[in-house]
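Q: Following this message is one structure expressed as structure tokens.
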Amino acid sequence: MNLSDIKKQLYRLNPEARISYVKDNVVCYYADLPDLRVKFFVHTNDMGNTMFEVKMDSKYLIRWIQIQ
């Protein structure tokens, strides 16, 4: 599955993303697709004044996607 397909599935299915851990100014979220776990690494300096919840819609985190 390529990055474009993964993004399409994230928009279509919109699985819930959850915080996995926080380390060295990076918040790691993960979301599960049917065949893949997708991780999002959000740097705290990218957050600005935006509220980042423990659980979020994964479509809001696509900017920080990391495929493992």
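The values are calculated or read from the model by the stated rules, or taken from the named source; none is laboratory data. This is a predicted model, so every value here is computed, not measured. As a convention, Cβ positions derive from the backbone with ideal geometry for all residues, glycine included, and neighbour counts pool all protein chains shown.
Q: What is the one condition in (1) closer than 16 Å to Ile67 by Cα; (2) among the hydrophobic types (A, V, I, L, M, F, W, C); (3) more than 12 Å from the chain's Cα centre (by Cα) that Met47 does not satisfy?
A: Status for Met47: all satisfied but (1).
Q: Separate question: Among the residues of the range 40-54, is there at least one that is in contact with an Asp or Glu (Cβ under 9 Å, 6 or more places away or on another chain), on the phi < 0 side of the Ramachandran plot and at pLDDT 95 or above? Walk me through how you get there before you give the answer.
A: Initial filter on the range 40-54 (in contact with an Asp or Glu (Cβ under 9 Å, 6 or more places away or on another chain)): none.
Checked the range 40-54: no residue is in contact with an Asp or Glu (Cβ under 9 Å, 6 or more places away or on another chain), on the phi < 0 side of the Ramachandran plot and at pLDDT 95 or above.
Q: Right, here's the next one. Just to be sure before I move on: is Ser4 among the polar types (S, T, N, Q) and assigned to a strand (DSSP E or B) in the structure I sent? Don't jump to the end; show me each part of the working.
A: On the way: among the polar types (S, T, N, Q): yes; assigned to a strand (DSSP E or B): no.
It is false that Ser4 is among the polar types (S, T, N, Q) and assigned to a strand (DSSP E or B).
Q: Please go through the range 13-44 and pick out each residue that is of a type in the set (A, V, I, L, M), within 11 Å of the chain's Cα centre (by Cα) and within 19 Å of Met1 (Cβ to Cβ).
A: Ala17, Ala31, Val38
Q: From the set of residues in the range 1-25 that are without any contact (Cβ under 8 Å) to a residue 40 or more places away in the chain and charged (D, E, K, R), which is nearest to Lys55 (Cα to Cα)?
A: Arg18
Q: While we're looking at this one, here's another question. Please enumerate the residues belonging to the range 21-68 that are surrounded by 10 or more Cβ atoms within 10 Å (Cβ to Cβ), out of contact with any helix residue (DSSP H, G or I) (no Cβ under 7 Å at 6 or more places or on another chain) and in a helix (DSSP H, G or I).
A: Matches in the range 21-68: Thr44, Asp46, Met47, Tyr60, Leu61, Trp64.
Q: Okay, moving on. Applying the selection to the range 7-20, what residues are within 14 Å of Tyr60 (Cα to Cα) and surrounded by fewer than 16 Cβ atoms within 10 Å (Cβ to Cβ)?
A: Lys7, Lys8, Tyr11, Arg12, Leu13, Asn14, Glu16, Arg18
Q: So Tyr29 clears everything in (1) at pLDDT 95 or above; (2) in contact with an Asp or Glu (Cβ under 9 Å, 6 or more places away or on another chain) except one condition, right? Which one?
A: Here Tyr29 meets the rest and fails (2).
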